[in-house]
1. Under the condition of being near ligand 1 (Cβ under 7 Å from one of its atoms) and more than 18 Å from residue 10 (Cβ to Cβ), which residue from region 107-145 is surrounded by the fewest Cβ atoms within 10 Å (Cβ to Cβ)?
2. Quick check on residue 123: is it touching a helix residue (DSSP H, G or I) at 6+ places or on another chain (Cβ under 8 Å), at pLDDT 95 or above and within 16 Å of ligand 2 (Cβ to nearest atom)?
3. Does residue 183 qualify as being out of contact with any strand residue (DSSP E or B) (no Cβ under 9 Å at 6 or more places or on another chain) and surrounded by fewer than 23 Cβ atoms within 10 Å (Cβ to Cβ)?
4. Determine whether residue 128 is more than 24 Å from residue 239 (Cβ to Cβ), in the same structural domain as residue 55 (by TED's automatic domain parsing), touching a helix residue (DSSP H, G or I) at 6+ places or on another chain (Cβ under 9 Å) and touching a residue at least 60 places away in the same chain (Cβ under 8 Å).
5. Inside region 146-161, can you point out the residues that are surrounded by 17 or more Cβ atoms within 10 Å (Cβ to Cβ) and not in a loop (DSSP other than H, G, I, E, B)?
6. List the pairs whose first member sits in region 97-120 and is within 16 Å of residue 163 (Cβ to Cβ), whose second member is part of a loop (DSSP other than H, G, I, E, B) and modelled with pLDDT of 95 or more, and whose Cβ atoms are under 6 Å apart, counting only residues at least 6 apart or on separate chains?
7. Which residues, counting only those in region 162-174, are within 11 Å of ligand 2 (Cβ to nearest atom) and either surrounded by fewer than 22 Cβ atoms within 10 Å (Cβ to Cβ) or assigned to a loop (DSSP other than H, G, I, E, B) (or both)?
Ligand SMILES: Nc1nc2c(ncn2[C@@H]2O[C@H](COP(=O)(O)OP(=O)(O)OP(=O)(O)O)[C@@H](O)[C@H]2O)c(=O)[nH]1
Ligand SMILES: [Mg+2]
């Protein structure tokens, strides 16, 4: 699906990130572990290439464990980088990031000590909308919480949060890029909730999702909706069967595709279809 959602606040946010780069020691790059490769924003390339990066595979409670392991190894191999997986909804689960950050910046600590300086580390948290940046910061923070929400575009401005006496984190608004030319990437970003519903044709997205799920693992649809998916069955027919089962029917007894799509995507986003990773491994 062709996606073009790059409002003014995202353009401003990118400019702010560029400006703030000189003030930060490290980048925390939050990628939704259900589609970590699709979450790589080309507009962040310059920022991420100029500082050490901790890739955080967020929402690992919702992704396939074996695939998450693969992506963790993939990102950890990048130059000047480390990678961790987190479920930020579990209190204290992101703590490991603090020690990794301190390890990666140990040279700077020594240098500061020699100079008699006591300057806290500063890291900028970046990622596409709804990837879990603010929730991650709250998981790490003892005070100065950020606002989070179940939709893209919640954080609108930058916000510094002191997570302890030695580390300050900069929360940034979720940012996409002007023209998402790879339609599969755009579609996956839409599935995981990084694109606001208002710019999507939600019924078509729902149908695409059914097609992709049949390719990935049709048994997850069968189990969730108590349906039988036959070999070569049309995706539209499967979609309609789900709508009938779940009562997504309008007053005139017609199938309500839009409500059906919202329900099915919500099931995926909340993990009710199972632990699913959408991005395929990279073949050598
Ligand atoms: N299951 C699960 N949900 C999470 C996790 N991290 C964040 N969420 C949920 O994902 C949604 C988005 O989280 P936010 O922290 O607001 O995301 P954000 O990246 O700051 O979003 P923007 O500010 O809009 O760019 C919220 O409903 C969170 O509760 C996680 O590790 N697991
Ligand atoms: Mg946020």
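1. Among those residues, the one meeting the criterion is 135.
2. Spelling it out, residue 123 is indeed touching a helix residue (DSSP H, G or I) at 6+ places or on another chain (Cβ under 8 Å), at pLDDT 95 or above and within 16 Å of ligand 2 (Cβ to nearest atom).
3. no
4. yes
5. 159, 161
6. Filtered contacts from region 97-120: 104/52; 105/25.
7. Hits for region 162-174 are 172, 173, 174.
The values are calculated or read from the model by the stated rules, or taken from the named source; none is laboratory data. Everything numeric here is computed off the predicted structure, so don't read it as measured data. Here the Cβ is made from the backbone with ideal geometry for all residues, glycine too, and neighbour counts use every protein chain on show.
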